[in-house]
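Student: Here it is, the structure, as structure tokens.
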Amino acid sequence: MKLTKGVISKEEAAVLAPDYVLHRDILNGKGEFPREFYKLSDKVLEACNGLKRGQEVVTCCDGTWVRAKVVSVKRSWMNEDGPVVRVGNGEWTWRVDGNEYAWPIRKG
């Protein structure tokens, strides 16, 4: 999928979601994960599991940084590690739980 709407630079994503960008950088790197990675992973997972429908987020989809909105959050006993979260940018929707995750953009 080729995203064109809501695409932002990595620098803009780092301003909006610094912990998330650092987490993605470490995840995409080579070698062992530093100890800080696991603390960041907990923060990112907690943020993604707390998302609500309509909330603005930053996510990384196939290496493209995107500003999107949460379009659905479904909680089910079949998905034991958290809710099924879908985001959209006005042209596509995709799942972010369990893989690329998303970080809420705080207003104000």
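The values are calculated or read from the model by the stated rules, or taken from the named source; none is laboratory data. Quick caveat: nothing in here was measured; it's all calculated off a predicted structure. Neighbour counts run over all protein chains shown; Cβ positions are idealised from the backbone, glycine included.
Student: What is the number of the single condition among (1) more than 13 Å from Arg86 (Cα to Cα); (2) of a type in the set (Gly, Ala, Ser); (3) at pLDDT 95 or above that Ala68 does not meet?
Tutor: Here Ala68 meets the rest and fails (1).
Student: In addition: Could you tell me how many of the residues in region 40-88 are touching a residue at least 40 places away in the same chain (Cβ under 8 Å) and of a type in the set (Ser, Thr, Tyr)?
Tutor: Going through region 40-88 one residue at a time, the tally reaches 2.
Student: A further question on this structure: Starting from residues that are closer than 12 Å to Ile105 by Cβ and of a type in the set (S, T, N, Q), keep the ones in region 33-63 and report whichever is surrounded by the most Cβ atoms within 10 Å (Cβ to Cβ).
Tutor: Here the residue is Thr59.
Student: Of the conditions (1) outside any strand (DSSP E or B); (2) in contact (Cβ under 8 Å) with a residue 12 or more places away in the chain; (3) out of contact with any Ser or Thr (no Cβ under 8 Å at 6 or more places or on another chain); (4) not basic (Lys, Arg), Trp94 satisfies every one except a single condition; which number is it?
Tutor: Of everything listed in (1) outside any strand (DSSP E or B); (2) in contact (Cβ under 8 Å) with a residue 12 or more places away in the chain; (3) out of contact with any Ser or Thr (no Cβ under 8 Å at 6 or more places or on another chain); (4) not basic (Lys, Arg), Trp94 misses just condition (1).
Each row is one residue, and each column tells you yes or no for (1) at positive phi; (2) charged (D, E, K, R).
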| site | (1), (2) |
| --- | --- |
| Gly6 | yes, no |
| Lys10 | no, yes |
| Glu46 | no, yes |
| Ser76 | no, no |
| Glu80 | no, yes |
| Glu91 | no, yes |
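Student: Could you tell me whether any residue of region 63-77 is in contact with a helix residue (DSSP H, G or I) (Cβ under 7 Å, 6 or more places away or on another chain) and either under 22 Å from Met1 (Cβ atoms) or of a type in the set (D, E, K, R) (or both)?
Tutor: Yes, there is a match, as at least one residue in region 63-77 is in contact with a helix residue (DSSP H, G or I) (Cβ under 7 Å, 6 or more places away or on another chain) and either under 22 Å from Met1 (Cβ atoms) or of a type in the set (D, E, K, R) (or both).
Yes/no matrix, rows are residues, columns are (1) out of contact with any Ser or Thr (no Cβ under 9 Å at 6 or more places or on another chain); (2) modelled with pLDDT of 95 or more:
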| residue | (1), (2) |
| --- | --- |
| Glu12 | yes, yes |
| Lys30 | yes, no |
| Phe37 | yes, no |
| Glu56 | yes, yes |
| Lys74 | yes, no |
| Pro83 | no, no |
| Tyr101 | no, no |
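Student: Identify, please: which residue in region 64-92 is over 20 Å from Leu16 (Cβ atoms) and hydroxyl-bearing (Ser, Thr, Tyr) and is, among those, surrounded by the most Cβ atoms within 10 Å (Cβ to Cβ)?
Tutor: Among residues in region 64-92 that are over 20 Å from Leu16 (Cβ atoms) and hydroxyl-bearing (Ser, Thr, Tyr), the one surrounded by the most Cβ atoms within 10 Å (Cβ to Cβ) is Ser72.
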